[in-house]
Every structure is written in C-alpha cells, then in structure tokens.
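The values are calculated or read from the model by the stated rules, or taken from the named source; none is laboratory data. Computed from a predicted model, the values in this text were never measured in an experiment. Heads up, the Cβs are rebuilt from the backbone with ideal geometry, glycines too, and the neighbour counts pull from every protein chain shown. Quick note on the areas: whole protein, heavy atoms, side chains included, nothing else; ligands and nucleic acids left out. Shrake-Rupley method; radii C 1.70, N 1.55, O 1.52, S 1.80 Å.
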Amino acid sequence: MPEDGGSVHGSYDVAVIGSGYTGLSAAHRLTSSGMSVLVIDAQDLGFGASTRNGGMVSGTLKLSHKELCDAYDRDTANALFQEAQDSVLFLEQSISEKRIECDYQRMGMYFAAYAPKHYEALAREAEELADLGVETRMVPRAEQHGELASDIYYGGRTAVMAGGLHPAKYHAGLVAACRAAGVEFRSRCRVRRTERQGAAYVLSTDRGSVRAGQVIIATNAYTDPAMPWFRRRVIPIGSYIIATEQMDPARLRALIPAVRMIQDTKRNLFYYRLSPDGTRMIFGGRTSFRPISTDESAARLHAAMSTVFPSLVEARVEYSWTGNVAFTFQKLPHVGQYEGIHFALGCCGQGVALMSYFGDQIGRRILGQGGDTAFARTRFTTMPGYSGHPWFLPAVGEFYRLLDWLERPKT
Ligand SMILES: Cc1cc2nc3c(=O)[nH]c(=O)nc-3n(C[C@H](O)[C@H](O)[C@H](O)COP(=O)(O)OP(=O)(O)OC[C@H]3O[C@@H](n4cnc5c(N)ncnc54)[C@H](O)[C@@H]3O)c2cc1C
C-alpha cells in the first residue's frame, strides 16, 4: 500500500500539485488559517529536489545585482535582491516556529574566485551590496586559508545572510508540521489534467478526481507534460552530488575552517560544504549537461574535489546522487497565476529558502493576506520550439566549459 494511498475524491479549498518546499509551505500557511488542503505528488513525498539538494541556504540569486539592474529597472532589481535576502529570515522563522530539527546554522557562504578577474568582479559587487546594506567581506588570496584551505582560487567574498541545513530533515519537518495542521496528502498519484469547471477546478489523477477552489502548481524542475504551459517555461538541469566516507572532523574542518557553504565563480560551478555532523565532505556540481550515471558523476566529482583539496584524493565516495534544478530562460524564478492557477517555478538552484518563502507568499495571497512579491514582475517566457525537453543543454554546457577554460587562470 503506498504511503498516503487511497482514492482521490471530494472537494477541497485548495489542491497543491507537488510535495516539496513550495507546496508544503503553501499548504501549511493555508491549513493553519482554516482552509482544507490536499497535497498530491506523483512520487513519494519529497521525491523532487527538496530531499536531494545541497542544503545551502543563500540569500542571493543566480544573477548578480548588476545583472538585475541591467535586466530590470533599479527599483525592481533592489526589490528582487532584498526579497532573496528576506527569504533567509523567513526560512529561519519558519524552522523556529515549526520546531523543525534540521541542523540549520547561519554560518555564511564563501564565494571562491576562479580567476583574478572574478575576484575583481566580486569586489565591485561588494561595493554595490554595501550600498544596499548587505554585509560582505572580501578575502584576498593571501588570507584565503582562513576560509578555504585550497590554492586553486584567487581569494573570494563571504556573505553573512546564508547558512546550511540538512535538506531531507527540513523536508520531513515540514511534512510533519503540515500533517499536524491538518493537510491531507496523496503520494504516488500523478495529476494528469487540470480543468476549470465554473468557479472551481477539477484535477484528474491516477486514483480519481478531486474538486478544488484554487490550485497551486509546485512542481519546479519536475513539471511534466500534464502542465504544458508551465513546462515550456522551465529548463530542468541535472545537478550531481557526492558525499565522502566518514572522516576525522578535525581533518575536514582544517579544509573549511570557517565551516561555511562554498561556491566557486565558474559557469559550471562547484558547490561544497561539510555534512552537518562535520564528518563528510559534500561536493556537488553540474558535471554533465547530458544524463550520466551516478557512478560516472561520482568519478568526475571525486576528480574535481581532489583538484580543490589534493589531500582528499584517497577519500572514498560513499554516496552519489542527482536531481533536477529548474532554470528559466531569464535565470530568475517567477511567481504568478496562469488561467487562475497559482505557481512558483524556476529557482535556478537556489530554492531552499526562496521556494519555501514563495510557497508561503502564495498561501498568503490566496488568503487575502498580502503575499505580494517582486518575483511576479520577472519575465517568464519560453522560446519557439521548446516543449520541456532541453535538447540544447549539451551544447550550452560545452560552450560554458569553453568560456570557463578561456577564463582559466594563466600561471
Ligand atoms: C542536486 C541539487 C542540489 C541543490 N542544491 C541546492 C542548494 O544547496 N541550495 C538551494 O537553495 N537549492 C538547491 N537546489 C534547489 C532546491 O532543491 C529546489 O529549488 C527546491 O527543492 C524546489 O522545491 P519545490 O517544492 O519547488 O520542488 P520539488 O521539491 O522539486 O518538488 C516537485 C514535486 O512535484 C512532483 N510532481 C511533478 N509533476 C507532478 C504531477 N503531474 N502530479 C503530481 N506531482 C507532480 C514531483 O514528483 C516532485 O516531488 C538543489 C537542487 C538539486 C537537484
């Protein structure tokens, strides 16, 4: 008998498609205010990215503040940036109010410069961020070992409004909080069609149909052909992670002394951190833009990790996994309504705090309690011929690899 099995029938105030951070945050907000909510997932609860991510909580976006200003007017750029920062505060408050034990700590993040000119770009952005009241610190290469015991980078920048958590524990805590609030779940039950009928919607699923006053699409990189308009606007990109065998925590801590979350500044970037208990190195990246096995990604990530930390060349990989990150053509998430259906999609790999926050905002909007967001103003377009299968990714990946190679530090 599947978890949360049983037929799908009856009528709810709100039906949520997708049981990750977005769907759960929305469901919790709505149920806590007295609405009846059904969360449906095509797979086990949390099958999507919300149990497989790197657990890095960052108050930043894929686009830099300058890129935001180039793409939008300055007020919008500032509002987008500020909301990304605020999403971290939201996450912290939510974890605390729901008493979720997920090893959360605000230890900050370190952006490691891949090349000298990347360090200069980080420094320029630090000045803009200071004008916005955002606390950062430039770390020259000579002082880098206080943050990161690696010699391949050219210094970096710290960010204070960032932290780390255990993603699956955070997800489990949200599910528990939702259940306690009265949210109903159906897992392993795919929504095949959503149709408007009068003022309500009818969702046809593998196990029956349900009526709902409002619908929320919270499927992110796992958006399937049942939602063609949304699928055409989301680009699923595989991201891969390894975890090493358990090691002496003191040895690992010597590699990342400030115990921050680390990201480098390449286009095909690496992101890494210590496991919450400090006994493993967790190392991730987009090692391939075409699907590869987790054995192959493990070998590639191990090689990459050994370049960053030569002392880990002998460390055995104990776990290797992958999941899909949702990009948009604009490299920014979008929150909105289409034909009356609410959605938040396209976190571009930064959804732990953001998607949790967006789910809550959608809940507030349905309740008539605000829920306004600058991410309703981001563009959310597709390109001709794209239906959700990103055939162009291998070429884009190769192009990015070439650009990274061209920008490689010349010794
Ligand atoms: C490897 C990896 C590493 C990452 N690292 C980080 C990180 O360190 N920091 C960070 O901030 N972000 C990170 N992310 C991104 C982050 O995990 C996501 O932004 C976030 O989890 C998205 O949550 P969500 O609720 O929107 O979607 P998901 O958690 O992906 O959930 C979507 C759900 O929708 C369901 N679904 C799809 N179609 C249907 C249907 N027709 N019927 C019913 N259900 C359906 C799926 O089964 C799935 O469970 C990472 C992602 C990956 C893959």
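Any residue at all in the stretch 324-341 that's without any contact (Cβ under 8 Å) to a residue 40 or more places away in the chain and more than 7 Å from the ligand (Cβ to nearest atom)? Within the stretch 324-341 (the criterion being without any contact (Cβ under 8 Å) to a residue 40 or more places away in the chain and more than 7 Å from the ligand (Cβ to nearest atom)), the answer is yes, since at least one residue qualifies.
Does residue 14 qualify as being touching a Ser or Thr at 6+ places or on another chain (Cβ under 6 Å) and either within 23 Å of residue 99 (Cβ to Cβ) or more than 10 Å from the ligand (Cβ to nearest atom) (or both)? No.
Inside the stretch 201-256, residues that are assigned to a helix (DSSP H, G or I), surrounded by fewer than 19 Cβ atoms within 10 Å (Cβ to Cβ) and within 13 Å of the ligand (Cβ to nearest atom) make up a count of 1.
Residue-by-condition table, conditions (1) of a type in the set (Val, Ile, Thr); (2) crowded, with 24+ Cβ neighbours inside 10 Å; (3) more than 7 Å from the ligand (Cβ to nearest atom); (4) at pLDDT 95 or above:
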position	(1), (2), (3), (4)
22	yes, yes, no, yes
27	no, yes, yes, yes
35	no, no, yes, yes
41	no, yes, no, yes
55	no, no, no, yes
69	no, no, yes, no
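When each of 273, 290, 286 is tested for being open to solvent by 40 Å² or more (accessible area, probe 1.4 Å) and either within 14 Å of the ligand (Cβ to nearest atom) or touching a Gly at 6+ places or on another chain (Cβ under 9 Å) (or both), the lone residue that passes is 290.
Restricting attention to the stretch 76-119, the residues that are open to solvent by less than 20 Å² (accessible area, probe 1.4 Å) and either of a type in the set (Val, Ile, Thr) or in contact with a strand residue (DSSP E or B) (Cβ under 7 Å, 6 or more places away or on another chain) (or both) total 10. Flag: residue 125 matches the condition of being touching a strand residue (DSSP E or B) at 6+ places or on another chain (Cβ under 9 Å) and outside any loop (DSSP other than H, G, I, E, B).
Of the residues in the stretch 152-159, at least one is within 14 Å of the ligand (Cβ to nearest atom) and either open to solvent by 30 Å² or more (accessible area, probe 1.4 Å) or within 30 Å of residue 130 (Cα to Cα) (or both). Considering 377, 401, the condition of being open to solvent by 20 Å² or more (accessible area, probe 1.4 Å) and either under 23 Å from residue 78 (Cβ atoms) or acidic (Asp, Glu) (or both) is satisfied by 377 alone.
Selection over the stretch 301-323 of residues that are open to solvent by 20 Å² or more (accessible area, probe 1.4 Å), touching a residue at least 12 places away in the same chain (Cβ under 8 Å) and over 22 Å from the mean Cα position of the chain (by Cα) gives a count of 6. Of all residues in the stretch 141-152, those that are in contact (Cβ under 8 Å) with a residue 12 or more places away in the chain have Cβ atoms under 8 Å from Cβ atoms of residues that are part of a helix (DSSP H, G or I) and surrounded by 14 or more Cβ atoms within 10 Å (Cβ to Cβ), 6 or more apart or on another chain, in 141/119; 150/144; 150/308; 152/308.
Only one of the listed residues (343, 329) is of a type in the set (Phe, Trp, Tyr), within 30 Å of residue 383 (Cβ to Cβ) and open to solvent by 10 Å² or more (accessible area, probe 1.4 Å). That residue is 329. Among the residues here, residue 259 does not qualify as surrounded by fewer than 22 Cβ atoms within 10 Å (Cβ to Cβ), of a type in the set (Val, Ile, Thr), touching a Lys or Arg at 6+ places or on another chain (Cβ under 8 Å) and in the same structural domain as residue 334 (by TED's automatic domain parsing).
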